[in-house]
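Novice: Dropping the structure in here first, questions after.
Just so it is clear, none of the values below were taken in a lab; they were calculated from the coordinates. Keep in mind it's a predicted model, so treat the numbers as computed, not measured. Methodologically, a virtual Cβ is constructed for each residue, glycine included, from the backbone with ideal geometry; neighbour enumeration extends over all protein chains shown.
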Amino acid sequence: MEVAIIGIGLHPFGRHEGMSGLKQGAAAVRAALADAGVTWEQMQFAYGGSQDAGNADALVNELGLTGLQFTNIWNGCATGGSSLHAAYTAIKSGAYDMGVVVGFDKHPRGAFNAKPSDWGIDDWYGETGLMLTTQFFAMKIQRYMHDHGISEDALIRVAERAFHNGSLNPTAWRQQALTYEQIAESTMVSHPLRKYMFCNPAEGGAALILCNADIARRFTSKPLFIKAAAVRTRHYGSFEVFSPSQAMTVADAPTVTASKAAFELAGIGPEDVHVLQLQDTDSGTEIIHMAENGFCEHGEQEHLMRSGATRIDGRLPINTDGGCLANGEPVGASGLRQVYEVCLQLRGHAGARQVPGQPSVGYTHVYGAPGVSGVNIITT
Amino acid sequence: MSRQIPLHEGLYTWPAERPQMLGSRCNQCGETAFPAQDDCRHCSASDSTVVPIGDRGILWTWTIQGFMPKTPYNSGETEETFAPYGVGYVEMPGGVRVEARLRENTPEQLRIGMPMQLEIVPFRRDDDGNELMTYVFRACEESEA
């Protein structure tokens with residue numbers, strides 16, 4: 001049994017004063033339904049998630065009380081990937097023919113402020129200022145740069161490319177390209193990461209309509225197919241966020257295991273992928289994720305960034321919609337925004353940022369606290 | 001009368017002539033955790049012993065916290081009085097890397113691989129005027145014992 005994507009919808013990311021996160025989720029679902037040419041009544045199930053904008057299943061108050069199975073998903077920044085995985089499994093199992101995956105959010109301004117008790121840690125950890133995702137990402141890339149010879153140049157180029165791609169994307173939050181110098185001279189937030197190297201919490205919604213591939217052509221002449229969906233958590237020894245200590249042994253990150261599982265399911269390798277979205281909470285994580293997902297060797301990123309290989313017209317186009325850096329991160333919606341972008345690219349509808357040569361294989365990757373990764377492989 | 005008390009019990013030995021960080025060692029697999037915990041995150045056993053894990057270590061990675069964190073950060077500082085602080089993981093002889101605030105707070109003062117020394121320092125005052133003590137690491141000389 002194969003799983004198809006027949007509808008995609010997005011409520012633009014950014015700031016929307018006076019509009020609740022829930023309403024942004026509803027707008028995304030309505031857009032996806034319209035795109036697929038189906039109705040809410042036809043949805044047999046829904047998986048959805050939001051961090052700060054309420055329970056996803058409250059969407060039925062907006063969209064209609066049809067009695068469908070609606071399950072709330074919460075898995076940190078990997079919420080979207082986890083919702084999609086649940087929906088993929090639901091159809092794959094044969095239990096359902098058609099359903100919706102939705103994510104939305106609306107965060108207050110400024111860095112996230114997690115509560116230690118939610119993560120099984122005592123209060124001192126937060127009180128003394130150790131519980132910040134920004135710190136963790138800075139320390140992770142600091143060590144990575146030391147071990148693999150990556151320089152600040154690569155970090156700057158990731159942000160430069162993200163904001164350039166954002167400038168080509170009418171639904172991005174940040175649509176203004178930034179120069180290399182503007183990024184290099186922006187405020188240092190957590191050494192070695194500067195202001196424009198971090199994404200910001202934001203608002204937005206994204207939704208997908210999935211169905212059994214056998215019936216997909218009733219709704220669209222160009223269905224897309226989910227060849228793999230995999231979610232994995234951290235192993236003992238992987239360096240993850242919100243850890244008062246780290247083991248001395250070094251294990252593969254959850255991204256490595258999720259990626260390997262996805263490639264195995266799809267029966268293809270990294271060399272077969274034409275367009276990819278990697279979690280870029282900051283410039284450093286994108287650099288690390290390039291290697292962890294198997295698209296290059298550790299340390300090779302320096303050259304890949306300098307040579308332009310990851311640009312829209314390069315051989316490895318990454319974060320073609322501007323990624324988290326240019327779109328911001330409404331946590332519940334972010335992973336599905338990546339899938340939305342890959343679908344646009346595979347349909348050939350990505351406008352000014354369209355990857356040339358009719359891409360037919362797309363890849364998405366989310367990573368969330370405290371060490372969970374979700375990978376999807378989508379094809380024409 | 002105000003006095004000095006630990007911000008949280010069980011993280012280090014203090015007061016002591018030479019305070020040590022405390023962790024737990026699994027009696028089944030030998031892996032160390034900080035803070036001490038009953039259950040082993042490596043082998044899933046529930047058979048561990050609290051052990052000192054040292055007062056000196058090697059800096060494994062670091063950053064500088066440049067802006068004042070939102071709550072739950074609670075240092076008694078205001079936006080006006082906030083001072084950036086270093087944060088790092090220090091590789092302890094007890095066999096675990098411990099996350100800590102660092103005395104040093106500029107990139108010039110920090111490098112991966114440098115030796116670090118534990119200090120127990122005042123962090124803030126509680127409502128009764130007591131000084132709440134926490135652990136930090138500071139750069140030290142190779143020869144410093």
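Novice: With the contact rule set at Cα under 8 Å and sequence spacing of 6 or more, what percent relative contact order holds for chain A?
Specialist: Working: 931 pairs, mean separation 99.9, N = 380.
RCO, chain A: 26 percent.
Novice: How far is helix A:133-148 tilted, in degrees, relative to the longest principal axis of the Cα atoms in chain A, given as a value from 0 to 90 rounded to the nearest 10?
Specialist: Once rounded, one gets 60 degrees.
Novice: What does the extension gain come out to for A:R306 and A:Q44, with contour length at 0.36 nm per residue minus their alpha carbon separation?
Specialist: 89.5 nm is the gain from fully extending A:R306 to A:Q44.
Novice: Normalising by the residue count of region B:9-81, find the relative contact order in percent from Cα pairs under 8 Å and 6+ residues apart.
Specialist: 24 percent
Novice: Can you put A:H365, A:H349, A:H146 in order, fewest other beta carbons within 10 Å first?
Specialist: Arranged by neighbour count, lowest to highest, A:H365, A:H349, A:H146 become A:H349, A:H146, A:H365.
Novice: Give the cross-link partners of A:K140 among the lysines, using a straight C-alpha distance below 20 Å as the criterion and excluding same-chain residues fewer than 8 apart.
Specialist: Within reach: A:K195.
Novice: Report the gain in length on full extension from A:K260 to A:D123: 0.36 nm times residue separation, minus Cα-Cα distance, nm rounded to one decimal.
Specialist: 45.7 nm
Novice: Return the distance in nm (one decimal) between the two label points of a simple spin-label model at A:E17 and A:Q358, each offset 7 Å from Cα along Cα→Cβ.
Specialist: Reported label-point gap for A:E17 and A:Q358 is 4.7 nm.
Novice: Still on this structure: Suppose every K and R has +1 on its Cβ and every D and E has -1 on its Cβ; what is the size of the dipole of region A:54-166 about the Cα centre, in Debye to the nearest 20? The partial results should precede the final answer.
Specialist: Working: 8 positive and 12 negative charges, 49 e Å.
Approximately 240 debye in magnitude.
Novice: Next question, about the same structure. For chain A, take the longest principal axis of its alpha carbons; what is the angle in degrees between that and the long axis of helix A:21-36, to the nearest 10 within 0 to 90?
Specialist: 60 degrees
Novice: Along the Cα→Cβ direction, 7 angstrom out, place labels at A:E62 and A:H298. What is the inter-label distance in nm?
Specialist: Here the modelled spin labels are 4.3 nm apart.
Novice: Express the relative contact order of region A:135-187 as a whole percentage, based on alpha carbon pairs under 8 Å and six or more residues apart in sequence.
Specialist: Working: 34 pairs, mean separation 13.5, N = 53.
Relative contact order, region A:135-187: 26 percent.
Novice: Rounded to the nearest 0.05, what FRET efficiency is calculated for B:M68 and A:Q182 with R0 set to 25 Å and r the Cβ-Cβ distance?
Specialist: Once rounded, the FRET efficiency stands at 0.50.
Novice: Listing A:S259, B:S24, B:S75 from the residue with the fewest other Cβ atoms within 10 Å to the one with the most, what is the order?
Specialist: B:S75, B:S24, A:S259
Novice: Could you tell me the calculated FRET efficiency between A:R315 and B:R124, based on Cβ-Cβ distance and R0 = 56 angstrom, to the nearest 0.05?
Specialist: Here the calculated transfer efficiency is 0.55.
Novice: Now a separate question. Which order do B:V87, A:V29 fall in if you start with the one that has the fewest other Cβ atoms within 10 Å? Working shown, then result.
Specialist: Values: B:V87 23, A:V29 28.
Ascending Cβ contact count within 10 Å gives the list B:V87, A:V29.
Novice: If you don't mind, there's one more thing I want to ask. Angle between the Cα long axis of helix A:283-292 and the longest principal axis of chain A, 0 to 90 degrees, nearest 10?
Specialist: 70 degrees
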